[in-house]
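Structure first, then comments.
What follows is calculated from the coordinates using simple rules that are stated; it is not laboratory data. No experiment lies behind these values; they were computed from the predicted model shown. Every residue, glycine among them, receives a Cβ derived from its backbone with ideal geometry; neighbour counts consider all protein chains shown.
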Amino acid sequence: MKDKSSILSAHTVVLIHGLGRSRRSMWLVGLWLKFCGYRVKSIGYPSHRVSIADAVGKHLNPALERLEIEEGSRVHFVTHSLGGIVFRAWAAQRDPAFPLGRAVLLAPPNQGSQIIDELGQWGWVRWLLGPVSAELGTDATSTPNKLGPLPPETGVIMGNKDTLPVFRRLLGAESDGVVTIASSHGEGEADFTLLPTNHATIILQPAVFRAVHRFLRTGSFKE
């Protein structure tokens, strides 16, 4: 029989970064998870140049197909911002035989972005953000709102520190500066927690790392 540490080390955590970021942005999360005993795989995609479907089909799927998954182990996911929507798009069409474990979405626009609603019609915004700028609104036809419930055993961690006053008029007081707290919720979420951080720095906070590890172990953010 394998001991507890060997069972844990068999599990893999896949990291998916957000818009305008790269795999390097998730390195500290990955370092923590490696310290906790997980195998870690960080997957990149050119977020400014591809649609969500292409991020899945041309980048996430091929990388996941190359994973060496031990029999009896599971593959967990930790995502930031847009990465959560990419994960959901993949999960909605995944092979049922894939050993999907738990997922933690950090600051995900699960119901779309009010910033895109307001600014997405501007040409410079579409140029800056790329194809996803046409997908991330809050209307019923946007990609986040067409994906259906979150996969089972998916938790959401959201920040409540608004440090970007430029968007405060659009988002109101309840946001992390980029995504509103209300729009981060997703149907079927297994758990949800608010932590004192903002959209950009949520991937750098030890309290976030501890919450991620707790959920991957137990399926809950409760201590």
Margin query: Could you derive backbone 3J(HN,Hα) for the stretch 57-62 from the dihedral phi with the Karplus parameters 6.51, -1.76 and 1.60 (θ = phi - 60°), listing whole Hz in sequence and x where the residue is Gly or Pro?
Written below: x, 9, 10, 5, 4, x
Item checked: Relative frequency of Cα-Cα separations exceeding 20 Å in the stretch 121-223, percent -> 50 percent
Notebook entry, point to check: Across the stretch 4-218, how many lysine pairs separated by 8 or more positions, or lying on different chains, have Cα atoms within less than 30 Å?
Noted result: 9
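Quote the relative contact order of the stretch 4-218 in percent (integer), defining contacts as alpha-carbon pairs under 8 Å separated by 6+ residues.
20 percent
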Next item on the list: Read phi for every residue in the stretch 198-208 and hand back ³J(HN,Hα) as whole Hz from Karplus 6.51 cos²θ - 1.76 cosθ + 1.60, θ = phi - 60°, with x for Gly and Pro.
Entry: 10, 4, 6, 9, 4, 8, 10, 9, x, 5, 5
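Which of the three applies to the stretch 4-218, rounded, prolate or oblate, going by the alpha-carbon gyration tensor with a ≥ b ≥ c and a/c under 1.5 meaning rounded?
Details: a/c = 1.81, a/b = 1.41, b/c = 1.29.
It comes out prolate by the Cα gyration axes.
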Next item on the list: Whole number please: convex hull volume per residue, Cα atoms of the stretch 44-163, in Å³.
Entry: 116 Å³
Notebook entry, point to check: Could you give the distance between the Cα centres of the stretch 79-115 and the stretch 139-155, to the whole Å?
Noted result: 8 Å
Notebook entry, point to check: Taking R0 as 35 Å, what's the FRET efficiency between Ala97 and Glu187 from their Cβ-Cβ distance, rounded to 0.05?
Noted result: 0.90
